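Handing you this structure, nothing more for now.
Only the coordinates and a few stated rules stand behind these numbers; no lab work does. Note that the structure is a prediction, hence the values are computed from the model and not measured. Glycine also receives a Cβ, built like all others from the backbone with ideal geometry; neighbour counts cover every protein chain displayed.
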Amino acid sequence: MEITEELRIKNHPILQEPEVQKEVTIFYNGEPVKAYEGEPISAALMAAGIRTFRRTVRRNEPRGVFCAIGRCTDCMMVVDGRPNTRTCMTMVQDGMRIEPQFGFGK
Amino acid sequence: MEKGVCFTGIPSAEELAKAPGVPARSEMNKGPVAVIECVQEIPCNPCEAACPSGAITVGSDITKLPVLDAEKCIGCGNCLAHCPGLAITLVNVNYSETEAAVSFPFEYLPLPKVGDEVNAVNRGGEAVCKGNVLSVRMPQSYKQTCIVTIAIPKKYVEDVRSMELPIKRALPEPAAKKEIDKSSLICRCEELTQADIEKAIEEGATTLDGVKKHSRAGMGLCQGKSCERLVARIIAEKTGQKVENLLPATHRPPVRPIRLKVVDDDADIE
């Protein structure tokens with residue numbers, strides 16, 4: 001898995017340095033992924049180099065973060081067994097199990 | 001191409017000439033003065049409160065453009081840091097015999113250092129001349145907005161409004177702009193392309209609801225939040241209707257997906 005830790009903002013011209021949050025572990029397809037409390041699932045996955053969150057039902061196309069504000073539903077995954085979860089709006093919790101979704105999910 | 005902030009993001013000469021916050025050149029020649037290049041009537045007035053000498057007036061109707069009384073402006077630059085739109089610069093035409101000084105808000109990293117030579121840019125971000133950094137100020141009251149002042153040759157004073165980043169960042173090459181074609185995805189949820197929407201229109205659909213019933217555009221998980229405007233534009237182009245007459249489509253609650261359990265405790269599916 002390609003690690004792209006530099007995607008996380010470390011210094012921001014207006015917001016300054018973000019407060020360091022508690023590190024937690026989520027599981028993507030059973031593999032541990034580092035995450036920080038208070039960030040959405042999608043942020044943790046992107047920082048870990050994961051871009052394909054689901055595949056579509058008709059064309060089997062990959063989808064990931066598109067709008068990132070909870071409108072487009074492109075980033076939906078199976079979270080702790082629940083399909084159709086918007087990962088851009090759902091905050092990480094320690095031990096969460098995330099799986100990619102195919103089509104409408106089960 | 002049409003000009004102005006609505007079309008290019010850059011205020012046009014006509015818009016600036018009409019803006020009541022832009023002082024006349026004769027006023028600029030008198031000394032440092034705020035140049036408020038605010039040309040859109042939006043509800044916003046922090047500049048008015050930021051001015052310690054009462055030179056800026058928006059008034060009780062806060063969608064009005066700020067009016068500058070150049071006589072009262074003391075050239076302190078406080079309004080620069082408080083304008084959320086970064087629309088204000090401070091211009092000192094008479095900085096020296098040959099140079100003018102321009103101050104502007106700069107919200108990027110890294111910040112320049114006093115004495116640096118930088119590329120001074122116009123409103124569109126294009127480099128027009130070299131500038132020398134005179135000061136880099138960020139007192140606490142500026143709330144993280146940095147005000148940079150640069151000296152530039154006097155003849156560019158009407159053009160220069162900011163500077164390039166002091167270092168070149170290795171930015172990825174922008175992807176080639178792709179025009180919308182028949183295979184462009186319009187409804188992401190139902191995976192419908194421009195061709196699919198056009199087909200629905202050719203087969204008789206003339207409204208958003210018509211296209212929806214014909215093609216399923218807007219019936220997917222996001223319920224048309226992503227495609228509604230795109231579909232409306234295609235219908236408008238194909239049928240000669242106006243986009244604003246087509247919107248909105250029929251909306252029914254809930255506005256976002258909820259679990260069935262929320263409305264029925266006994267629902268046996270989530």
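Helix-only estimate, please: 222 nm mean residue ellipticity of chain B, summing -39500 (n - 2.57) across DSSP H runs of length 4 or more and dividing by its residues, to the nearest 500.
Using -39500 (n - 2.57) per qualifying helix, the result is -5000 deg cm²/dmol.
Another question about this same structure. Of B:Phe7, A:Phe102, B:Phe104, how do they rank once you tally other Cβ atoms within 10 Å and put the fewest first? Can you show the working numbers first?
Numbers: B:Phe7 10, A:Phe102 14, B:Phe104 23.
So the ranking, lowest neighbour count to highest, is B:Phe7, A:Phe102, B:Phe104.
In chain B, if every C-alpha pair distance is counted and binned at 5 Å from zero, what percent goes to each bin?
All Cα pairs, binned at 5 Å, distribute as 1, 5, 10, 11, 12, 10, 8, 8, 9, 9, 8, 5, 3, 1, 0, 0, 0 percent.
Expected output is a single nm value to one decimal: the length gained when fully extending between B:Glu203 and B:Asp61, i.e. 0.36 nm times separation in residues minus the C-alpha distance. What is it?
On the way: separation 142, 0.36 × 142 = 51.12 nm, distance 4.93 nm.
Extending this stretch completely gives an extra 46.2 nm.
Find the all-direction average of the projected area of the Cα convex hull for the stretch B:1-83, expressing the result in square nanometres with one decimal place. If you can, show how the numbers build up before the last one.
Values: hull surface 22.0 nm².
With every direction weighted equally, the projected area is 5.5 nm².
A follow-up question, please. Pop the C-beta distance of B:Lys178 and A:Ile14 into the FRET formula with R0 = 30 Å and round what comes out to the nearest 0.05. Kindly include the intermediate steps, with their values, before the conclusion.
Details: r = 32 Å, r/R0 = 1.07.
About 0.40, to the nearest 0.05.
On the Cα set of the stretch B:181-270, report Rg and Dmax in Å, please.
14.9, 49
Here is a further query. Whole number please: convex hull volume per residue, Cα atoms of chain A, in Å³.
For chain A, the hull spanned by Cα atoms encloses 101 Å³ per residue.
Using the Kirkwood radius built from alpha carbon pairs, what does the Stokes-Einstein equation give as D for the stretch B:23-147 at 10 °C and 1.306 mPa s, in µm² per second?
Translational D for this selection: 104 µm²/s.
In 5 Å bins starting at 0, how do the alpha-carbon pair distances of the stretch B:1-43 split up by percent?
6, 23, 25, 21, 13, 8, 3, 0
Take the Cα gyration tensor of the protein assembly as shown, multiply each eigenvalue by 5, square-root it, and list the three semi-axes largest first, rounded to whole angstrom.
47, 29, 20
Right, something else. For chain A, give me the percentage of DSSP beta bridges that are antiparallel, rounded to the nearest 5 percent.
80
Excluding residues on the same chain fewer than 8 positions from B:Lys155, give the lysines whose Cα lies under 30 Å from its Cα.
B:Lys3, B:Lys18, B:Lys30, B:Lys72, B:Lys113, B:Lys130, B:Lys168
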